[in-house]
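Written below as structure tokens is the structure these notes are about.
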Ligand SMILES: Nc1ncnc2c1ncn2[C@@H]1O[C@H](COP(=O)(O)OP(=O)(O)O)[C@@H](O)[C@H]1O
Ligand SMILES: [Mg+2]
């Protein structure tokens with residue numbers, strides 16, 4: 001099993017939408033066994049999988065806090081559709097985050113939990129909270145690779161630099177093998193000069209950009225409100241196609257690694 005963290009400390013960059021769409025396409029069209037892992041206390045990915053009843057248990061019971069969790073990861077995993085599974089989040093993860101601070105081996109808690117299901121899934125996609133919190137550090141420590149959804153505008157590029165330097169720290173201190181899949185421009189509108197300028201600035205700075213751009217479409221948000229991704233909600237939508245291209249790239253990487 002390979003683990004991919006979908007991360008950026010900024011909120012609203014399309015992390016959860018990307019995790020969901022990527023998971024759905026890898027499962028349905030590439031026959032990968034996919035575990036989506038929601039480690040955001042705000043639980044937007046879990047909520048976007050509307051059909052699931054989490055019965056009140058979440059990753060919080062697996063990760064624990066100041067003391068180890070009481071459930072195994074396997075116990076909380078929900079089947080969403082063929083090949084597609086979810087480890088749900090809830091607000092209790094906020095307490096996990098606080099409790100972990102005083103825990104021995106606090107950066108490795110998620111990594112250990114994921115190791116327990118490594119034989120069952122081909123890939124785990126970890127949807128991170130919008131912060132550089134200990135939960136995000138856990139995801140980046142567990143991950144083989146990181147994908148960074150980013151809105152292409154100047155204000156977000158400053159945050160992006162901070163995030164990239166955090167990745168360097170993670171490599172130095174915790175996870176030397178962490179691979180950067182790339183920066184995924186989201187909410188991209190090719191008619192907007194400031195978007196094109198931001199992409200140009202990233203290219204000139206030699207930042208690792210993905211080839212795919214995800215555009216803005218109200219259908220992406222509508223799909224989430226409907227418990228789906230745009231890929232099934234409106235398969236011919238250009239953003240559905242963009243997510244398929246992204247999944248193609250990630251599928252290639254999975255095959256080669
Ligand atoms: N490509 C898109 N076009 C339009 N709306 C989007 C797109 N991607 C995400 N959204 C919406 O924008 C909001 C933030 O996206 P989300 O994926 O939750 O971001 P994050 O997880 O980075 O905070 C959500 O309401 C989501 O449905
Ligand atoms: Mg999110």
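Derivation of every value follows stated rules applied to the coordinates shown; laboratory data play no part. Remember, predicted model here, so these are calculated numbers, not experimental data. Please note: Cβ atoms are built from the backbone with ideal geometry, for glycine as well, and neighbour counts cover all protein chains shown.
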Could you identify which residue out of 225, 142, 17 has the top mean-square fluctuation in a GNM of the chain using Cα springs shorter than 10 Å? 225
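Shape of the chain from its Cα gyration tensor (a ≥ b ≥ c, root eigenvalues): rounded if a/c is under 1.5, otherwise prolate when a/b > b/c, or oblate? Mind dumping the intermediate values first?
Details: a/c = 1.63, a/b = 1.24, b/c = 1.32.
Oblate.
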With a ≥ b ≥ c the root eigenvalues of the C-alpha gyration tensor of region 106-257, is it rounded (a/c under 1.5), prolate (a/b larger than b/c) or oblate? oblate
Zone of residue 115's modelled label, taken as backbone nitrogen in region 1-38 under 16 Å from a point 7 Å along Cα→Cβ: 1-3
Label-to-label distance, nm, for residues given as residue 222 and residue 81 (7 Å Cα→Cβ offset): 1.8
Suppose a student asked you for the relative contact order of the chain, using Cα pairs under 8 Å spaced at least 6 residues apart; what percent would you report? 26
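Can you quote the Å³ per residue value for the convex hull of the Cα atoms in region 69-114, rounded to an integer? Provide the component values of the computation, followed by the final result.
Values: hull volume 3.8 nm³, N = 46.
Given the Cα convex hull of region 69-114, per-residue volume reads 82 Å³.
Which of 150, 72 has the fewest other C-beta atoms within 10 Å, and how do the rest follow up to the most? Working shown, then result.
Values: 150 27, 72 13.
If I rank by nearby Cβ atoms, fewest first, I get 72, 150.
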For region 1-135, share of DSSP beta bridges that run antiparallel, in % to the nearest 5: 20
Roughly what % antiparallel, to the nearest 5, for the DSSP beta bridges in the chain? 10
Summing -39500 (n - 2.57) over the DSSP H runs of n ≥ 4 in the chain and dividing by its residue number, what mean residue ellipticity at 222 nm do you reach, to the nearest 500 deg cm²/dmol? -13500 deg cm²/dmol
If I build a Gaussian network model for the chain, linking alpha-carbon pairs within less than 10 angstrom, which residue out of 215, 64, 206 has the largest mean-square fluctuation? 206
For a quick check, take a GNM of the chain with Cα springs below 10 Å and name the residue from 62, 137, 155 with the largest mean-square fluctuation. 155
Cα shape, region 105-196, gyration tensor, a/c 1.5 rule: prolate
Which of 39, 250 has the fewest Cβ neighbours within 10 Å, and the rest in rising order: 250, 39
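Taking the number of other C-beta atoms within 10 Å as the exposure measure, put 177, 107, 97 in order starting with the fewest. All intermediate terms of the calculation are to be shown ahead of the outcome.
Numbers: 177 8, 107 18, 97 22.
Arranged by neighbour count, lowest to highest, 177, 107, 97 become 177, 107, 97.
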